[in-house]
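Q: Just passing along the structure, written as structure tokens.
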Amino acid sequence: MLPEITVVELDEKLKSPTPPLLIDVREPDEYEFSRIEGAQLKPLGQIMEWAKELDPEAEIVCQCHTGRRSAQATHYLQSLGFKRVFNLKGGIDSWSLQIDPDVPRY
């Protein structure tokens, strides 16, 4: 089963003293238009390269537009042995609707 986190849970975690690494797996043009504060852009199409740079012990949340691409990234990282990786349920679209309406929707 794919581990997921809601936008409300992510919002709480990002405000904690030890926030998770937030990875945005969308494309650069999407990231430029709309992003969650603190998210690092790492496009899904390049995952085989950037996955090597991550700490497999770190808490990681993958996010995209609606949660589909980030689910693929989460699954891939799990296959590499990452134990604390989560998919953001509903993606940045849910973030805009429930947490920060200033983040543009598309």
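Q: What distance in nm lies between label points placed 7 Å from Cα along the C-beta direction at Ala58 and Arg105?
A: 3.1
Q: Determine the sum of side-chain charges near Ser96: Lys and Arg each +1, Asp and Glu each -1, restricted to other residues whose C-beta is under 13 angstrom from that of Ser96. Don't skip to the answer; put the middle values down first.
A: Working: positive: Arg35, Arg105; negative: Asp11, Glu30, Glu37, Asp93, Asp100, Asp102.
Result for the local shell: -4.
Q: OK, next. Rounded to the nearest 20 debye, what is the charge dipole size of the chain about its Cα centre when +1 sits on each Lys and Arg Cβ and -1 on each Asp and Glu Cβ?
A: Result for the chain is approximately 320 debye, rounded to the nearest 20.
Q: Another question about this same structure. For Val61, which sequence-distant residues (separation of 5 or more, or a different chain) have an amide H within less than 5 Å of its own amide H, given hydrogens modelled in the peptide plane?
A: Placed amide hydrogens put Leu21, Leu22, Ile23, Phe86 under 5 Å from Val61.
Q: At a threshold of 8 angstrom on Cα-Cα distance, excluding pairs fewer than six apart, so keeping six or more, what relative contact order does the stretch 4-98 reach in percent?
A: The normalised contact order for the stretch 4-98 reaches 35 percent.
Q: Add +1 for every Lys or Arg and -1 for every Asp or Glu among the other residues with Cβ under 12 Å from the Cβ of Ala58, and state the total.
A: Computed value for this residue: -2.
Q: Shifting gears a bit: Can you put Ile47, Ile92 in order, fewest other beta carbons within 10 Å first?
A: Result, fewest neighbours first: Ile47, Ile92.
Q: Label-point separation (nm) for Ser16 and Trp50, each offset 7 Å from Cα along Cα-to-Cβ?
A: 2.3
Quick note: the coordinates plus some simple rules give every number you see, no bench work behind them. Treat the numbers as computed from the prediction; the structure is a model and nothing was measured. Positions of Cβ are backbone-derived with ideal geometry, glycine not excepted, and every protein chain shown enters the neighbour counts.
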